[in-house]
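Here the structure is laid out as structure tokens; the discussion comes afterwards.
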Amino acid sequence: MNKELLKQEKLQNYINGKWCDPVNGQYADVVNPATAESLVKVPLSGLEEVGSAAEAARKAQKEWALVPAPQRAEVLYRVGNIMKEQKERLSKLLTMENGKVLEEARGEVQEGIDMAFYMAGEGRRLFGQTTPAELKDKFAMSVRAPVGVVGIITPWNFPIAIATWKSFPAIVAGNAVVWKPATETPIMAFELAKIFEQAGLPEGVINVVFGAGSTVGESMIDQKNIRVISFTGSNDVGRNIAAKCGQKLKKVSLEMGGKNAVIVMDDADLSLAVEGILWSAFGTSGQRCTACSRVIVHEKVKTELEERLLNEMAGLSIGNGLDESIKVGPIINKNGLEKIKNYIEVGKQEGAKLLAGGYVMENGEHKQGNYFAPTLFTDVTPEMRIAMEEIFGPVVSLIPVKSLEEAIEINNQVEYGLSSAIFTSDVNKVFTAQRDLDTGIVYVNAGTTGAEIHLPFGGTKGTGNGHRDSGVAALDVFTEWKAIYVDFSGKLQRAQIDVQ
Ligand code: UN1
């Protein structure tokens with residue numbers, strides 16, 4: 001690791017404002033997926049740290065909730081400014097630990113900066129409502145109250161942006177946080193904790209515990225003090241968290257997979273559609289929840305779209321994202337690579353036609369890292385597994401259709417509902433699609449990725465459990481509504497009874 005970018009050889013947990021080594025002395029290697037180089041060691045903490053973090057958070061939260069929200073927000077303004085100053089360094093570190101190309105890494109850090117300023121603004125809003133009471137000389141209002149201590153569990157594919165989506169609204173709303181980042185990409189978490197420290201966030205308001213889901217994550221669910229779990233990650237893990245939190249009546253917000261489609265109608269601007277598909281399918285090597293993994297194309301333009309896509313795909317440069325000429329970076333690890341490889345076999349066996357890619361790149365400059373060639377299947381039918389299941393890699397399946405109705409039906413028949421997109425020049429089709437596409441995010445004449453932070457982020461069906469990250473909606477996860485009645489009549493007035 002370049003010492004100018006990161007001095008530490010071993011990361012530490014951040015608990016109650018102190019940096020500490022894991023009690024059990026255990027670590028894992030953090031590996032650059034582009035080069036297989038070991039970057040740093042990450043603690044594999046045990047239950048003890050989770051207990052200390054939850055206790056520190058419980059104590060800190062009491063004081064923090066009493067700090068006026070506009071003052072809490074001042075910390076976030078400082079966090080945003082420090083992130084801005086450090087944007088280039090953070091982006092490089094992000095590319096090194098996650099593999100996404102530098103341009104996208106800068107975009108992700110920017111997403112965090114945007115979130116800092118947006119949520120800092122909430123410090124002067126956090127709106128509740130006043131409403132007339134039904135009785136004379138009585139006042140009624142609702143306010144947002146912090147829930148207390150919140151647990152956040154964040155994934156490796158957006159290690160800083162998603163952390164900001166969850167921690168910033170939690171903090172501005174007066175909560176304290178226990179945070180378990182993904183062990184594949186802990187450097188962003190370590191850096192963000194340092195930024196919180198530098199910005200003057202009181203000790204214990206955020207606590208970072210590095211470790212595995214099966215120990216640290218599970219133990220967070222067991223902590224009595226932790227009242228909310230906000231999770232982004234795989235469907236299996238999310239279901240397990242929801243079941244366990246259900247037993248304990250813990251609030252849980254889940255953001256999971258997607259099987260997002262771009263619909264291309266016969267009246268679409270095909271050049272634009274090709275650009276949108278390339279960007280949303282192969283950007284981040286397809287490792288976004290929002291990545292396009294299906295293209296539902298009108299049969300009249302199918303052949304032309306295939307040709308154009310193949311042409312453009314041939315020009316994609318694949319390699320180490322620190323090199324600015326590279327467009328597609330590596331896959332996060334060998335398991336990810338293996339999963340994608342298996343889906344290629346599944347697709348072939350199901351009878352889909354492989355037009356491009358479909359293999360691990362292992363020669364020359366691709367020897368060291370985990371690279372998968374951008375892949376295009378065609379003549380895919382909606383029932384095939386490659387058209388239904390999340391692959392999380394640079395693999396796109398083309399499904400031909402005869403009409404908009406059929407396209408929408410196919411879009412909606414998967415178990416996920418995160419993002420969808422339509423390319424068309426017909427305004428009637430635009431409005432029909434935006435009404436009928438059953439996803440939490442809909443794009444018109446753009447690909448399936450690129451959500452902005454001030455809008456709600458999340459999806460329907462198997463993508464989540466009804467909550468949203470980002471935007472004002474995020475505050476619903478991290479606050480409880482409190483209804484307050486003030487009777488200034490000086491006498492007992494009974495609601496529903498003493499009304500004349
Ligand atoms: C994710 O993949 O989980 O909309 C997050 C987007 C990004 C966030 C993706 N702003 O593609």
Cα centroid separation, the stretch 73-150 to the stretch 367-429 (Å): 33 Å
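Rank-order 350-356, 235-241 by packing density, defined as the average count of other C-beta atoms within 10 Å over each peptide's residues, highest first. Kindly include the intermediate steps, with their values, before the conclusion.
Numbers: 350-356: 15.6, 235-241: 17.9.
Those peptides, ordered most packed to least, come out 235-241, 350-356.
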So which aspartates and glutamates pass the test for K138, namely a Cα distance under 13 Å, with those fewer than 8 places away in the same chain ruled out? D487, D498
Quick query: amide H of L5 versus all other amide H atoms, modeled in the peptide plane; which residues come in under 5 Å with a sequence gap of 5 or more or a different chain? none
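When only DSSP loop residues count, what GluC sites (Glu not before Pro) in the stretch 73-158 have their Cβ near at most 14 other Cβ atoms within 10 Å?
Numbers: sites: E74, E85, E88, E97, E103, E104, E108, E111, E122, E134; in loops: E134.
Qualifying residues, ordered by number: E134.
What is the calculated FRET efficiency for V427 to Q71, with r their C-beta to C-beta distance and R₀ = 35 Å, to the nearest 0.05?
Working: r = 48 Å, r/R0 = 1.36.
Here the calculated transfer efficiency is 0.15.
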When the dipole is taken about the Cα centre of the chain, and only Lys, Arg (+1) and Asp, Glu (-1) are charged at their Cβ, what size is it in debye, to the nearest 20? 1800 debye
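Can you tell me the order of 418-426, 17-25, 295-303 when each peptide is scored by its average per-residue count of other Cβ atoms within 10 angstrom, highest first?
Values: 418-426: 25.0, 17-25: 14.8, 295-303: 20.3.
With the highest mean Cβ count within 10 Å placed first, the list reads 418-426, 295-303, 17-25.
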For the stretch 260-444, go through all pairs of different Cα atoms, get the mean of 1/r, take its inverse, and jot down that Kirkwood value in Å. 16.4 Å
Just to be sure I understand the rule: take each whole DSSP H helix in the chain, project its Cα atoms onto its long axis, keep it if the span is 27 Å or more and its mean Kyte-Doolittle hydropathy is at least -0.5. Which ones pass? 47-66, 102-122
To the nearest 0.05, the calculated FRET efficiency linking N16 and L249 through their beta-carbon distance, R0 being 30 Å, is 0.65
Residue-span extension gain [E48 to I484] - 0.36 nm each, minus C-alpha spacing: 153.1 nm
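Over the chain, what relative contact order in percent results from Cα pairs under 8 Å that are six or more residues apart? Mind showing how you got there, number by number?
On the way: 1157 pairs, mean separation 90.7, N = 500.
Relative CO of the chain lands at 18 percent.
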With charges set only on the Cβ (+1 for Lys and Arg, -1 for Asp and Glu), what does the dipole of the stretch 192-286 come to about its Cα centre, in debye to the nearest 20? 780 debye
Per DSSP, the loop-located trypsin sites (Lys or Arg not before Pro) within the stretch 178-228 having at most 12 other beta carbons within 10 Å are K224
Are any of the pairs K180/K482; K41/K224; K402/K461; K87/K166; K100/K334; K334/K367 more than 23 Å apart by Cα-Cα distance, and if so, which? K180/K482; K41/K224; K402/K461
Give, rounded to the nearest 20 debye, the magnitude of the charge dipole that the stretch 260-444 has about its Cα centre when Lys and Arg contribute +1 at Cβ and Asp and Glu contribute -1 at Cβ. 440 debye
Rounded Å value of the spacing that divides the Cα centres of the stretch 260-305 and the stretch 18-53: 39 Å
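Arranged by the count of other C-beta atoms within 10 angstrom, fewest first, what order do L126, L201 take?
Working: L126 19, L201 24.
Going from least to most buried by this count: L126, L201.
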Which value, to two decimals, describes the C-alpha radius of gyration of the chain once divided by 2.2 N^0.38 Å? 1.03
Relative to the compact globular guide of 2.2 N^0.38 Å, what is the alpha carbon radius of gyration of the stretch 311-369, as a ratio? 1.25
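How much FRET efficiency would the formula 1/(1 + (r/R0)^6) give for T303 and S214, where r is the Cβ-Cβ distance and R0 is 45 Å, rounded to 0.05? Please list the in-between numbers first.
Values: r = 49 Å, r/R0 = 1.08.
Taking R0 as 45 Å, the efficiency between T303 and S214 is 0.40.
Restricting to DSSP loop positions (anything but H, G, I, E, B) with no more than 15 other Cβ atoms inside 10 Å of their own Cβ, which trypsin sites (Lys or Arg not before Pro) remain in the stretch 378-437? List each step's numbers first, then the result.
Working: sites: R385, K402, K429, R435; in loops: K402.
Counting only loop positions with at most 15 other Cβ atoms within 10 Å, the trypsin sites (Lys or Arg not before Pro) in the stretch 378-437 are K402.
Explain nothing, just the number: relative contact order of the stretch 260-444, from Cα pairs under 8 Å at least 6 residues apart, as a whole percent.
On the way: 350 pairs, mean separation 51.8, N = 185.
Reported relative contact order: 28 percent.
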Please enumerate, by chain and number, the aspartates and glutamates with C-alpha under 12 Å from the C-alpha of K251, excluding those fewer than 8 residues away in the same chain. D476, E480
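Every number here is computed from the coordinates shown, using simple stated rules; none is lab data. Only a predicted model underlies this, so the values are computations on that prediction, with no experimental measurement involved. In this analysis, Cβ positions are derived from the backbone assuming ideal geometry, glycine residues included, and neighbour counts consider all displayed protein chains.
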